[in-house]
1. In segment B:370-390, how many residues are in contact with a helix residue (DSSP H, G or I) (Cβ under 6 Å, 6 or more places away or on another chain) and in contact (Cβ under 8 Å) with a residue 24 or more places away in the chain?
2. If you check every pair at least six apart or on different chains, which have Cβ atoms under 9 Å apart with a residue in segment B:333-352 that is in a helix (DSSP H, G or I) first and a residue that is exposed (fewer than 12 other Cβ atoms within 10 Å of the Cβ) second?
3. Within segment B:200-233, how many residues turn out to be over 17 Å from residue B:294 (Cβ atoms) and touching a helix residue (DSSP H, G or I) at 6+ places or on another chain (Cβ under 7 Å)?
4. Just to verify a result, which residue in segment B:138-162, among those that are at the interface with another protein chain (Cβ under 8 Å from one of its Cβ atoms) and in contact with an Asp or Glu (Cβ under 8 Å, 6 or more places away or on another chain), is surrounded by the most Cβ atoms within 10 Å (Cβ to Cβ)?
5. If the requirement is being among the small types (Gly, Ala, Ser), out of contact with any strand residue (DSSP E or B) (no Cβ under 9 Å at 6 or more places or on another chain), crowded, with 17+ Cβ neighbours inside 10 Å and more than 19 Å from residue B:427 (Cβ to Cβ), which of these qualifies: B:239, B:266, B:250, B:245?
6. Being surrounded by fewer than 24 Cβ atoms within 10 Å (Cβ to Cβ), modelled with pLDDT of 85 or more and more than 12 Å from chain A (Cβ to nearest Cβ) narrows it down to one residue among B:130, B:102; which is it?
7. Let me spell it out: the conditions are (1) modelled with pLDDT under 85; (2) more than 10 Å from every other protein chain (Cβ to nearest Cβ), and residue B:122 meets all of them except one. Which number is the exception?
8. Can you pull out the residues in segment B:169-189 that are buried (at least 24 other Cβ atoms within 10 Å of the Cβ) and either farther than 20 Å from residue B:422 by Cβ or within 9 Å of another protein chain (Cβ to nearest Cβ) (or both)?
Amino acid sequence: MTQPDTIPLLGLGWNDLLFLAFAAVMVVAALAVVLQRDIIRAGGAMIIAFAALAGLYVIAGSPVVAGAQVLVYIGAISVLVLFAIMLTQTKAAPRALVFQTQAVPAAIATAILALLIVASVLTTDWPKQVATQVADARSVATTLFGQFTLPFEVVSVLLLAAVVGGVFLAKRERDRGEAD
Amino acid sequence: MNRSASPASLIGRVVIPLLLIALVVGPVAVVFLATVIGPWVVGVVNSNLGILRFVLAIAGVLLFSIPAAFIIIYMELKVIAYMNLRVGPNRVLPAGAAHSVVAGLKVLTKEDFTPNGADRIVFTWSPVLVFLTAVMTFMVVPFGPGLVGAPLNIGLLYLFAVGGMSVVGLLLAGWSSFNKYSLLGGLRSAAQVVSYEIPLTLSVVGLILLAGTLSIDSIGRQQAGWVWDWFVFRQPLGALIFFIAGVAEANRTPFDLTEADSEIVAGFATEYSGMRFGFLFFAEYVNVFIMSALIVTMFFGAWNAPVDVNWLLRLVGVGPLSINLDPGQLGSSLMAAAAVVPLLATLILAAPVYLLRRHRPAWQALLAGFLLLNLLVLGVIGLAAYMDWDWVAGLVWFMLKSFVFVFVFVWMRATFPRVRIDQLMGFAWKWLLPAALLNLFVTAFAIVLIKSAGIN
């Protein structure tokens with residue numbers, strides 16, 4: 001996973017270069033998600049941002065998290081988002097966002113998020129964090145099912161409830177549609 | 001007018017100074033290369049071996065994927081033709097062996113057409129994404145012991161992650177074409193691939209429990225020995241589910257609804273032409289090979305031979321064979337042998353050909369003898385390589401087994417009718433998923449049982 005040696009003629013380490021590349025791709029793609037008018041292209045840019053984030057996870061020494069990121073966010077969630085967009089959106093629909101009426105709440109949420117990020121950056125002891133070990137599948141599993149069993153189970157119950165709720169909503173709507 | 005006035009022609013006047021310059025510059029350049037650039041290059045290469053190996057592996061995988069796709073396309077044409085009592089391709093080379101290559105060249109020369117109303121950027125890049133994911137999966141497929149592009153210790157996770165990405169490409173290809181058949185194909189592929197990915201992944205979890213690792217290389221190593229050491233005999237249900245779900249993941253008959261030509265023209269590929277269609281087409285056959293390779297790697301012994309060769313040799317009393325011939329010991333007799341043996345062997349091999357067919361001219365017999373000698377030498381070299389390097393033996397077995405499964409894929413295409421979309425989804429969620437879960441629970445229960453029995 002790690003290429004510790006420096007690149008010829010540049011003096012940077014491979015990890016530094018890859019980090020810069022992934023970070024740049026991710027920032028550009030994230031901006032594209034927000035600024036694109038075409039919603040499908042915004043979805044595509046979101047997939048690129050997810051992929052770049054997976055690359056950053058690999059550089060940070062946790063390939064398991066990177067694999068899960070690609071598997072869940074690109075393979076499942078992005079596909080579902082694209083699927084939903086394609087079913088609801090047509091070429092004839094207006095390309096600009098129509099329901100953009102939440103500027104004030106969005107600004108407040110952004111400010112709070114920025115404050116949180118700044119606070120966490122300032123309070124983190126960075127030199128200690130840099131020396132984290134590479135997390136392989138076994139250590140992730142032992143941590144998840146040893147130390148954090150209860151949160152894990154709570155999250156799975158929550159997900160199950162969400163699935164049941166989603167199925168219930170979808171079912172009821174279709175029944176009513178057939179009855180009408 | 002007078003050509004002999006100047007003794008040196010134009011060429012001479014250019015070549016002689018150039019020769020002189022080369023005589024002066026050459027040695028200087030050689031010394032410079034040897035003392036300054038050479039060590040620098042060696043140093044850089046040595047300190048960047050990891051990244052160099054990675055780049056070489058990607059290049060190798062890319063170079064391998066195209067001929068593999070060509071061979072599978074040809075195989076499909078020919079095998080289905082014979083199963084239909086037809087002849088199949090028979091024009092280019094004997095038995096039409098280069099037919100698919102010529103078809104590939106034809107695709108390259110065709111017009112690259114973008115329909116009106118299509119989203120140009122997405123339309124252009126989605127075939128690239130489809131092909132990229134297919135080739136990226138190759139990186140963790142072990143072709144032999146140590147013959148793997150990137151020996152990840154989370155190989156299986158990587159495999160499913162990258163494999164799940166291909167659906168994005170199909171979906172976007174279908175949507176961006178601005179064609180209702182394309183869109184239908186894209187939506188079908190999304191529904192199908194996402195549904196079948198769950199049993200595909202779950203069917204391997206039992207295997208992961210048994211092997212105790214996510215590394216594909218290590219799973220291959222654990223199946224060394226005899227046929228019954230293969231994981232298919234410890235995970236028969238898992239292997240069956242993996243095979244069925246793999247067929248659906250590769251969009252092959254009987255689950256090829258994404259490009260069902262009798263229903264939606266060609267699905268997501270309808271509007272594609274030229275090399276963009278070529279990418280989609282190649283990706284499909286690369287996926288067929290990858291699925292076969294994965295089934296072989298995980299359930300059918302990876303690169304291991306079905307028999308323990310060393311055990312058999314010991315049974316006969318030969319012991320592990322190895323050729324310890326030091327060419328340096330032979331000295332000058334080696335030179336003599338190298339000069340005489342090929343000539344003699346050609347003559348000896350040519351003799352029976354000449355005697356059998358005396359009406360042919362002698363040079364034809366000599367040529368036949370020479371070709372026979374080459375075949376013989378190639379065979380001996382291949383045998384020595386098989387005996388001495390385990391990666392050669394591994395590659396041979398791996399390819400043989402993989403192409404058996406490619407044949408099964410082709411056979412299924414010639415045999416099965418296509419399923420309906422509701423049958424497809426119902427089968428995935430009502431049969432494959434419970435079966436995969438059952439397989440997982442039974443495997444986990446058996447492992448716990450055996451462990452507790454072993455401790456007592």
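1. First pass over segment B:370-390, keeping only residues in contact with a helix residue (DSSP H, G or I) (Cβ under 6 Å, 6 or more places away or on another chain): B:370, B:372-373, B:385-386.
Then drop every residue that is not in contact (Cβ under 8 Å) with a residue 24 or more places away in the chain, which leaves B:370, B:373.
Residues meeting the conditions: 2.
2. Cβ pairs passing all conditions: B:334/B:327; B:334/B:328; B:350/B:362.
3. Going residue by residue through segment B:200-233, those that are over 17 Å from residue B:294 (Cβ atoms) are B:209, B:212, B:224-229, B:233.
So of that shortlist, the ones also touching a helix residue (DSSP H, G or I) at 6+ places or on another chain (Cβ under 7 Å) come out as B:209.
Residues flagged as over 17 Å from residue B:294 (Cβ atoms) and touching a helix residue (DSSP H, G or I) at 6+ places or on another chain (Cβ under 7 Å) within segment B:200-233 amount to 1.
4. Of everything passing the filter in segment B:138-162, B:154 is surrounded by the most Cβ atoms within 10 Å (Cβ to Cβ).
5. On the way: B:239 fails: more than 19 Å from residue B:427 (Cβ to Cβ); B:250 fails: more than 19 Å from residue B:427 (Cβ to Cβ); B:245 fails: more than 19 Å from residue B:427 (Cβ to Cβ).
Of the residues listed, the single one that is among the small types (Gly, Ala, Ser), out of contact with any strand residue (DSSP E or B) (no Cβ under 9 Å at 6 or more places or on another chain), crowded, with 17+ Cβ neighbours inside 10 Å and more than 19 Å from residue B:427 (Cβ to Cβ) is B:266.
6. On the way: B:130 fails: surrounded by fewer than 24 Cβ atoms within 10 Å (Cβ to Cβ).
So the residue among B:130, B:102 that is surrounded by fewer than 24 Cβ atoms within 10 Å (Cβ to Cβ), modelled with pLDDT of 85 or more and more than 12 Å from chain A (Cβ to nearest Cβ) is B:102.
7. (2)
8. Result: B:169, B:170, B:171, B:172, B:173, B:174, B:175, B:176, B:177, B:182, B:186.
The values are calculated or read from the model by the stated rules, or taken from the named source; none is laboratory data. No experiment lies behind these values; they were computed from the predicted model shown. Because the Cβ atoms are built from the backbone with ideal geometry, glycine has one as well, and the counts that use them run over all protein chains shown.
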